[in-house]
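Here the structure comes first, spelled out in structure tokens, and everything after it is commentary.
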Amino acid sequence: MFKPPELPPYVEQVFDIVDLIPPGRVMAYGDIAEVIGSGGPRQVGTAMAKYGGAVTWWRVIRADGGFLAGHEREALEHYREEETPLRADGSRVDMARARWSPADGPE
DNA sequence: CTCTTGACGCCGG
DNA sequence: TCCGGCGCCAAGA
């Protein structure tokens, strides 16, 4: 019998938050760690590195709005599709406008 | 047990 | 604005 993949509790908590992020909006690794209330940006980053493929990974980026290294092209496609606010030069997300938190409420 | 390694973040220069 | 340095913190060697 094959076992359904069981994710570490911390990873599930990260996924729960990521699933709440509305299209066109993003959250920083540190933001997610803060909502969970434990661990730090690096823990969230590690979780995403291992299992991120199962969720909307492009909505989770660094606090400075930089695209995920190695997946810039794919990420940009999603941002164009979701109309995520980008900076004038289009090289990164406009955090001032796109940054979201559960407290902002669903859209 | 110590040392290294990250999908990070902040602060100077 | 760009870059380097350092702090952070859990997991693995």
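Quick rundown of the values:
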item	result
Cβ-based charge dipole, chain A, positive-most Cα from A:M95, A:P41, A:Q13	A:P41
Amide H contacts under 5 Å for A:S101, placed H, 5+ residues apart	none
GNM top mover of A:A96, A:A75, A:A54 - chain A, alpha-carbon springs below 10 Å	A:A54
Under-5 Å amide H pairs with A:R92, H placed in peptide plane, nonlocal only	A:R87
Protection proxy ranking of A:27-40, A:82-95 - average other beta-carbon atoms within 10 Å, highest first	A:27-40, A:82-95
From phi via Karplus (6.51, -1.76, 1.60), per-residue ³J(HN,Hα) for the stretch A:85-95 in Hz, x at Gly/Pro	x, 10, 6, 3, 7, x, 8, 7, 6, 7, 4
Chain A - Rg over Rh from alpha carbon coordinates, Kirkwood radius	0.98
Computed [θ] at 222 nm, helices only, for chain A once each DSSP H run of length n ≥ 4 contributes -39500 (n - 2.57)	-12000 deg cm²/dmol
Between the stretch A:50-83 and the stretch A:88-107, the Cα center-to-center distance that results, in Å	13 Å
In sequence order, calculated HN-Hα J values of the stretch A:33-41 (Karplus, 6.51, -1.76, 1.60; Hz; x Gly/Pro)	4, 5, 5, 5, x, 8, x, x, x
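Here, each number is a calculation from the coordinates, and none is a lab measurement. Predicted model, so just to flag it, every value in this text is computed and none were measured. Because the Cβ atoms are built from the backbone with ideal geometry, glycine has one as well, and the counts that use them run over all protein chains shown.
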